[in-house]
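The values are calculated or read from the model by the stated rules, or taken from the named source; none is laboratory data. Computed from a prediction, not measured in an experiment: that's the story for all the values here. Here Cβ is always computed from backbone atoms with ideal geometry, including for glycine, and neighbour counts include all displayed protein chains.
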């Protein structure tokens with residue numbers, strides 16, 4: 001690495017920024033070659049002034065739309081007052097945020113972290129300790145059941161119980177104590193439980209796996225099994241939560257409440273990393289001072305931003321809009337006649353279009369849509385995921401379909 005860094009004058013041509021990123025950045029991402037510089041609502045603009053509809057929403061982190069003015073105002077105001085205290089002291093944003101979040105999600109206790117992966121790591125620690133201290137599981141024998149094709153983050157522990165070969169390749173040895181079962185199979189869960197099982201961790205809808213939706217009633221049966229066997233039911237709602245599926249939490253579609261629910265991403269409307277472990281008092285009660293923490297978790301800036309992010313989500317009817325516009329988007333996508341489409345599925349504004357193997361992969365369709373002014377993302381090779389901000393309108397969807405329909409039908 002050079003001792004002296006020289007900085008060139010930024011250029012409008014997006015290739016300039018792409019070349020810089022390729023020269024100096026790690027190669028663990030494969031983004032589309034669009035360089036974004038500004039966002040507002042459902043729209044983003046590149047460095048050359050071209051406008052695009054964002055149908056990814058930063059993996060649901062900007063459910064409220066890009067640069068929501070009320071969230072931005074809270075960020076600016078709090079940044080001018082107090083940004084960080086660490087949890088060595090208290091701040092005047094934390095308590096009110098706890099109360100508002102618990103009321104909205106019908107939770108009892110909250111532990112704030114920064115990223116979704118940190119929330120997952122936190123709950124693994126919590127349920128293991130709960131198993132030892134409350135259930136009486138022998139020390140170092142706790143087991144957590146997870147699902148095949150899960151995606152819960154990128155830490156060593158989490159990729160260790162992934163079934164995606166690439167996520168594991170070259171990163172072992174991995175943390176023991178995890179059992180993998182098929183997703184959507186309640187009987188498999190029942191059969192996998194042992195005396196040492198402390199928890200079941202599940203996504204209500206598997207997003208990274210391709211927007212895989214289990215049969216209605218699956219989570220209700222899971223809830224019943226976990227209660228019968230005295231194990232902790234954990235739902236990872238980091239992508240599905242906070243309105244994405246047309247409910248505050250996707251678990252509501254099955255009328256259940258998990259013992260622990262994980263949220264993040266849209267919790268801050270895309271302005272700041274904030275995640276939360278929402279728990280009953282019994283599970284969260286095992287943490288004593290010094291057991292767990294985070295320098296930035298629960299800082300006043302994060303709390304102020306998240307309080308407003310939740311407020312606009314509710315007051316501006318974004319959850320209800322996600323349900324209505326999601327149904328309309330799904331309907332319009334199902335009308336597309338294309339030899340490439342195998343299945344269209346979704347819940348709210350969390351939609352996947354699965355393509356046939358012969359279609360040549362989903363990425364080429366995403367690249368074609370980018371050229372027409374619409375940004376989306378392929379997942380698991382053959383699925384195009386559409387997840388626009390929850391403020392999208394019927395006219396916006398019609399605009400999108402004028403581009404999606406011909407691309408899917410004509411390539």
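Some points to look at:
- Scanning the range 340-367 for residues that are more than 13 Å from residue 383 (Cα to Cα) and either surrounded by 17 or more Cβ atoms within 10 Å (Cβ to Cβ) or free of Cβ contacts under 8 Å to residues at least 40 places away in the same chain (or both) yields a count of 3.
- Boolean, residue 36 is surrounded by 15 or more Cβ atoms within 10 Å (Cβ to Cβ), without any contact (Cβ under 8 Å) to a residue 40 or more places away in the chain, within 22 Å of the chain's Cα centre (by Cα) and not assigned by TED's automatic domain parsing to the domain that holds residue 256: yes
- Residue in the range 139-153 that is touching a helix residue (DSSP H, G or I) at 6+ places or on another chain (Cβ under 7 Å) and in a helix (DSSP H, G or I) present: no
- Per the listing 111, 94, 104, the residue uniquely in the same structural domain as residue 296 (by TED's automatic domain parsing), more than 23 Å from residue 287 (Cα to Cα) and touching a residue at least 12 places away in the same chain (Cβ under 8 Å) is 104.
- Qualifying positions in the range 180-190 - loosely packed, with under 15 Cβ neighbours inside 10 Å and either at pLDDT below 95 or more than 13 Å from residue 146 (Cβ to Cβ) (or both): 187
- Test result for residue 241, crowded, with 23+ Cβ neighbours inside 10 Å, farther than 27 Å from residue 137 by Cα, within 20 Å of the chain's Cα centre (by Cα) and without any contact (Cβ under 8 Å) to a residue 40 or more places away in the chain: yes
- Residue, farthest from residue 265 (Cα to Cα), within the range 180-191, restricted to residues that are assigned to a helix (DSSP H, G or I) and in contact with a strand residue (DSSP E or B) (Cβ under 9 Å, 6 or more places away or on another chain): 191
- Unique match (being under 21 Å from residue 103 (Cβ atoms), free of Cβ contacts under 8 Å to residues at least 40 places away in the same chain, within 20 Å of the chain's Cα centre (by Cα) and in the same structural domain as residue 311 (by TED's automatic domain parsing)) among 257, 252: 252
- Some residue of the range 72-84 being touching a residue at least 12 places away in the same chain (Cβ under 8 Å), within 20 Å of the chain's Cα centre (by Cα) and under 21 Å from residue 272 (Cα atoms): no
- Residue satisfying condition, being surrounded by 15 or more Cβ atoms within 10 Å (Cβ to Cβ), within 15 Å of residue 274 (Cβ to Cβ) and in contact with a strand residue (DSSP E or B) (Cβ under 6 Å, 6 or more places away or on another chain), within set 110, 127, 144: 110
- Inclusion of residue 88 among residues that are in contact with a helix residue (DSSP H, G or I) (Cβ under 9 Å, 6 or more places away or on another chain) and surrounded by fewer than 21 Cβ atoms within 10 Å (Cβ to Cβ) is not warranted.
- Restricting 150, 230 to residues that are surrounded by fewer than 19 Cβ atoms within 10 Å (Cβ to Cβ) and either under 22 Å from residue 378 (Cα atoms) or touching a residue at least 40 places away in the same chain (Cβ under 8 Å) (or both) narrows the list to 230.
- With respect to the stated conditions, residue 390 is outside the structural domain of residue 113 (by TED's automatic domain parsing), assigned to a loop (DSSP other than H, G, I, E, B), in contact (Cβ under 8 Å) with a residue 12 or more places away in the chain and crowded, with 19+ Cβ neighbours inside 10 Å.
- Residues considered: 177, 160, 172, 210. Of these, the only one that is in contact with a strand residue (DSSP E or B) (Cβ under 9 Å, 6 or more places away or on another chain), assigned by TED's automatic domain parsing to the domain that holds residue 116 and either loosely packed, with under 15 Cβ neighbours inside 10 Å or without any contact (Cβ under 8 Å) to a residue 24 or more places away in the chain (or both) is 160.
- Filter pass, residue 346 being farther than 29 Å from residue 75 by Cβ, part of a strand (DSSP E or B), assigned by TED's automatic domain parsing to the domain that holds residue 49 and in contact with a helix residue (DSSP H, G or I) (Cβ under 6 Å, 6 or more places away or on another chain): yes
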